[in-house]
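Structure record follows, encoded as structure tokens.
The values are calculated or read from the model by the stated rules, or taken from the named source; none is laboratory data. Note that the coordinates shown come from a computational prediction; the quantities given were computed from them, not determined experimentally. In this analysis, Cβ positions are derived from the backbone assuming ideal geometry, glycine residues included, and neighbour counts consider all displayed protein chains. Heavy atoms of the whole protein, side chains included, go into the accessibility calculation; ligands, DNA and RNA do not. Shrake-Rupley method; radii C 1.70, N 1.55, O 1.52, S 1.80 Å.
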Amino acid sequence: MIKDDLLNVINEIYGKSDETVRFFQAPGRVNLIGEHIDYNGGYVFPAAIDKVSTVAIRKRNDSIIKLYATDLRYVVEADMKNLEQYKNLKWGNYQLGVIDQILKKGLKIKGAEFIFDDKVPLGSGLSSSAAIEVVTAYAILQLYGYKMEKMDIALLCQKAEHEYVGVKCGIMDQFASVMGKKDHAMLLDCNTLQYEYVPVKMDEYSIVISNTNKKRSLGSSMYNKRRSECEQALSDMQKKFPDKKYLCDFSYKEFLSCVDEIIDEDCKKRAEHAVCENLRVLDSVKALRKNDIFSFCKYLNLSHISLRDLYEVSCKELDVLVENAWMQKDVLGSRMTGAGFGGCTVSIVKSESVETFIEDISRVYSEVVGYDASFYVCNISDGVKEI
Ligand code: GLA
């Protein structure tokens with residue numbers, strides 16, 4: 001169905017052509033636990049979700065890239081010979097950043113026409129940008145006959161975000177969008193890039209995502225600031241532990257033994273979050289493997305408290321959703337997910353109570369915040385693919 005629709009759109013927007021049209025899809029992700037530690041060499045535990053970015057693509061015989069989104073309804077046209085000039089585009093810069101990296105790798109591609117149908121809510125903390133980057137990279141590489149390792153695609157997209165968009169993101173989002181597997185979350189060691197699929201069988205529980213609908217943009221948010229606070233903390237701690245490369249290399253005991261080296265009070269809090277969140281990921285996954293959802297969720301709750309009080313990336317809207325979820329009898333766990341400062345929460349809710357949960361939380365949210373939150377029950381899905 002979506003293919004027929006996008007085929008019509010591509011012919012309507014760019015005119016008919018003899019080139020074959022191909023279709024690709026990449027998902028957003030929900031991070032179950034392990035927040036703000038991918039760039040600190042820690043473990044994260046994301047899963048790909050059934051909100052996706054879909055692309056229709058066909059070749060051009062020149063150096064022009066054309067981009068169009070079904071919701072935005074305008075065409076971005078860029079010449080690959082001079083990609084530097086489009087860095088500040090409001091929309092299109094993620095895609096062009098990816099093309100830029102492909103060219104920098106010396107791969108020979110020509111132009112292409114893209115139609116995007118993006119169903120990962122923008123700026124929601126569900127990695128809409130990674131879905132766009134990954135689907136762009138995968139589609140154009142396939143179109144021009146390149147078979148790149150999946151992990152390399154994730155790394156290429158991350159580099160595009162660093163160098164073209166200017167956000168110093170970790171690897172988690174691009175990794176999850178590339179590697180996702182139906183009904184599994186991924187335990188990724190962001191230091192070694194080793195990963196394992198872990199089945200997420202919640203029996204009578206569902207994963208519910210609540211969206212604050214508070215828009216945030218990573219670039220303008222405090223994301224890069226948090227990252228540099230962590231670097232500062234690490235360099236202070238290295239005075240005692242010169243061999244440690246990342247905050248997440250520290251045990252809690254080691255952290256305590258050098259915490260006084262950290263001069264700045266905020267940096268101290270950031271480091272404590274990183275060290276403890278990493279340990280929480282490992283403990284929570286251990287619990288999940290034993291099917292102990294109750295303990296798994298306890299760690300989710302602790303993760304939120306730490307993000308709120310130590311890492312300080314939560315906000316009133318996220319706290320209203322999470323703290324009210326905690327008060328519901330059939331909710332085992334709830335926390336913010338993604339970079340924070342807005343975006344979404346993830347809650348583990350007894351399936352038979354999901355409707356009541358949504359009714360109750362949305363009423364309280366609208367009363368306190370003044371506008372509506374939105375909700376959906378999330379299914380864990382596969383990563384990028386041709387459809
Ligand atoms: C964003 C980044 C990720 C990660 C999360 C926070 O989604 O893109 O790399 O750092 O924030 O966990």
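Quick look at the numbers
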{"read-out": "Tally, over the stretch 137-155, of residues that are in a helix (DSSP H, G or I) and open to solvent by 10 Å² or more (accessible area, probe 1.4 Å)", "value": "7"}
{"read-out": "Boolean, TYR94 is under 16 Å from LEU122 (Cα atoms), within 17 Å of the chain's Cα centre (by Cα) and surrounded by 16 or more Cβ atoms within 10 Å (Cβ to Cβ)", "value": "yes"}
{"read-out": "In the stretch 307-316, the residues that are assigned to a helix (DSSP H, G or I) and surrounded by 22 or more Cβ atoms within 10 Å (Cβ to Cβ)", "value": "LEU307"}
{"read-out": "Which numbered condition ASP173 misses (of (1) away from the ligand (no atom under 14 Å from the Cβ); (2) open to solvent by 10 Å² or more (accessible area, probe 1.4 Å); (3) closer than 27 Å to SER228 by Cα)", "value": "(1)"}
{"read-out": "Which numbered condition VAL377 fails, given (1) crowded, with 18+ Cβ neighbours inside 10 Å; (2) under 22 Å from ASP118 (Cα atoms); (3) of a type in the set (A, V, I, L, M, F, W, C); (4) out of contact with any Lys or Arg (no Cβ under 9 Å at 6 or more places or on another chain)", "value": "(1)"}
{"read-out": "The stretch 365-374, subset open to solvent by 40 Å² or more (accessible area, probe 1.4 Å) and of a type outside the set (Ser, Thr, Tyr), residue farthest from SER351 (Cα to Cα)", "value": "GLY370"}
{"read-out": "ILE115 being in contact (Cβ under 8 Å) with a residue 12 or more places away in the chain, crowded, with 16+ Cβ neighbours inside 10 Å, closer than 25 Å to GLU19 by Cα and of a type in the set (Val, Ile, Thr)", "value": "yes"}
{"read-out": "Among the residues listed as VAL120, VAL134, VAL98, the single one being within 19 Å of VAL178 (Cα to Cα), within 16 Å of the ligand (Cβ to nearest atom) and not in a helix (DSSP H, G or I)", "value": "VAL120"}
{"read-out": "Filter result for VAL275 (part of a helix (DSSP H, G or I), touching a residue at least 24 places away in the same chain (Cβ under 8 Å) and within 28 Å of SER221 (Cα to Cα))", "value": "yes"}
{"read-out": "Number of the condition not met by ARG335 [criteria: (1) open to solvent by 40 Å² or more (accessible area, probe 1.4 Å); (2) closer than 21 Å to PRO199 by Cα]", "value": "(1)"}
